[in-house]
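Here the structure comes first, spelled out in structure tokens, and everything after it is commentary.
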Amino acid sequence: MQEVIQRLVAKIVALDQAHAPFVILGLEVGRTQPLVATMSLSRGQQVQLRGVIDRIDEKEGVVRVLDYKTGSDNKRISSLAALFDTNNRTRNGAALQTLWYAWLYQRTHPTAQTVMPGLINSRQVFEPSFAPYFAIKKEEGKTYVPLLTMRSYQKAFEAELQQVLEELWDPEVPFDQTPEASRCTHCPYKSICERH
């Protein structure tokens with residue numbers, strides 16, 4: 001285990017050396033001092049949204065909001081709507097989380113011109129063509145393009161987020177279990193609902 005961790009750390013340091021020079025703006029940003037954005041809902045509620053970002057760095061005006069993962073998470077995004085689709089069994093949770101952090105950073109730092117969400121996943125960092133950025137599918141066709149700035153997607157992401165929050169805070173929409181019982185087998189909250 002120690003050898004694996006040493007190899008991983010050495011690879012991340014090598015990636016950082018190749019990206020240098022850059023400035024680390026923060027690690028675990030939001031842990032000690034909350035990183036908070038407030039959204040207003042149609043019923044008059046104010047919702048405070050928070051997050052803890054693994055790493056934020058900056059080089060030549062590009063702020064990278066980076067999340068670290070131990071898996072081989074997919075960096076392709078079929079659409080922003082697909083990220084929020086709770087019925088989509090292959091929903092890209094790592095992309096949603098990382099774009100959420102980039103959205104939160106952009107929202108709390110509106111003067112930042114280029115905020116790029118990125119993912120450093122341990123099972124892909126050893127690939128020769130490794131890059132931390134996501135690729136998003138163009139609206140027309142099957143082509144994916146690098147998602148190099150959150151600003152281009154900020155309003156669309158926020159609209160999807162707003163829709164989810166409106167539903168969560170709607171007293172007419174009950175909290176309910178998923179109709180797909182198979183999704184519950186690995187749920188960390190299955191002991192609460194006692195479905196399995």
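Taking all protein chains together and a probe of 1.4 Å, list Ile24, Ile192, Ile56 from the most accessible to the least accessible.
Details: Ile24 80, Ile192 130, Ile56 5 Å².
Per-residue accessible area, sorted high to low, gives Ile192, Ile24, Ile56.
Straight-line reach from Lys155: which lysines have Cα under 30 Å away, leaving out those fewer than 8 places along the same chain?
Lys59, Lys69, Lys75, Lys137, Lys138, Lys142
Accessible area per residue for the range 124-184 in Å², computed with a 1.4 Å probe and the full protein assembly in place, what is it? Walk me through the numbers before you get to the answer.
On the way: 4210 Å² over 61 residues.
So the range 124-184 comes to 69 Å² accessible per residue, rounded to a whole number.
Once a ≥ b ≥ c are taken as the square roots of the eigenvalues of the Cα gyration tensor of the range 120-196, is the result rounded (a/c under 1.5), prolate (a/b larger than b/c) or oblate (a/b not larger than b/c)?
Values: a/c = 2.73, a/b = 1.45, b/c = 1.89.
Taking the square roots of the gyration eigenvalues as a ≥ b ≥ c, the range 120-196 is oblate.
Give the accessible area for Val173 in Å² (nearest 10); use a 1.4 Å probe, count only protein heavy atoms, and leave out ligands, DNA and RNA.
60
Over the chain, what is the mean sequence separation of C-alpha contacts under 8 Å (at least six apart), divided by residue count, expressed as relative contact order in percent? Please report the intermediate quantities before stating the final value.
Numbers: 271 pairs, mean separation 34.7, N = 196.
Rounded, it is 18 percent for the chain.
Please work out the average accessible area per residue across the range 1-111, using the 1.4 Å probe convention, and give it in Å².
On the way: 6410 Å² over 111 residues.
Value returned for the range 1-111: 58 Å² of accessible area per residue.
Suppose accessible area is computed on protein heavy atoms with a 1.4 Å probe; arrange Met150, Met1 from highest to lowest. All intermediate terms of the calculation are to be shown ahead of the outcome.
On the way: Met150 0, Met1 175 Å².
Largest accessible area first, the residues go Met1, Met150.
Within 14 Å, Cβ to Cβ, of Gln162, how many net charges do the neighbouring residues add up to if Lys/Arg are +1 and Asp/Glu are -1?
On the way: positive: Arg43, Arg107, Lys155; negative: Glu158, Glu160, Glu166, Glu167, Asp170.
Taking every Cβ under 14 Å from that of Gln162, the sum is -2.
What FRET efficiency comes out for Leu41 versus His19 if R0 is 35 angstrom and r is the Cβ-Cβ distance? Round to the nearest 0.05.
It comes to 0.35.
What do you get for the angle between helix 2-19 and the principal long axis of the chain? Use alpha-carbon atoms, 0 to 90 degrees, nearest ten.
80
Using a probe of 1.4 angstrom, how much of the accessible area of the range 81-136 is carbon and sulfur, in percent? Please list the in-between numbers first.
Values: 1210 of 2500 Å².
Answer for the range 81-136 is 48 percent, counting heavy atoms of protein chains only.
Going by the alpha-carbon gyration tensor, a ≥ b ≥ c the square roots of its eigenvalues, is the range 68-144 rounded (a/c under 1.5) or, if a/c is not under 1.5, prolate (a/b greater than b/c) versus oblate? Intermediate values should be presented prior to the final figure.
Values: a/c = 1.42, a/b = 1.08, b/c = 1.32.
Since a/c stays below 1.5, the shape of the range 68-144 is classed as rounded.
When the accessible area of the range 1-70 is split by element with a 1.4 Å probe, what percent falls to carbon and sulfur?
Values: 2460 of 4470 Å².
So the carbon and sulfur contribution to the accessible surface is 55 percent.
If one computes the Cα centroid of the range 107-158 and of the range 8-41, what distance in Å separates the two points?
Distance between centres, Cα-based: 15 Å.
Under the rule a/c < 1.5 gives rounded, and otherwise a/b versus b/c splits prolate from oblate, where does the range 40-101 land using the Cα gyration tensor? Please report the intermediate quantities before stating the final value.
Values: a/c = 2.10, a/b = 1.15, b/c = 1.83.
Oblate, since a/c reaches 1.5 and b/c is not below a/b.
The values are calculated or read from the model by the stated rules, or taken from the named source; none is laboratory data. Quick caveat, the model's predicted, so the values are computed rather than measured. FYI the Cβ positions are ideal-geometry reconstructions off the backbone, even for glycines, and counts take in every protein chain you see. Surface areas here come from the heavy atoms of the whole protein model, side chains and all, with no ligands, DNA or RNA. Shrake-Rupley method; radii C 1.70, N 1.55, O 1.52, S 1.80 Å.
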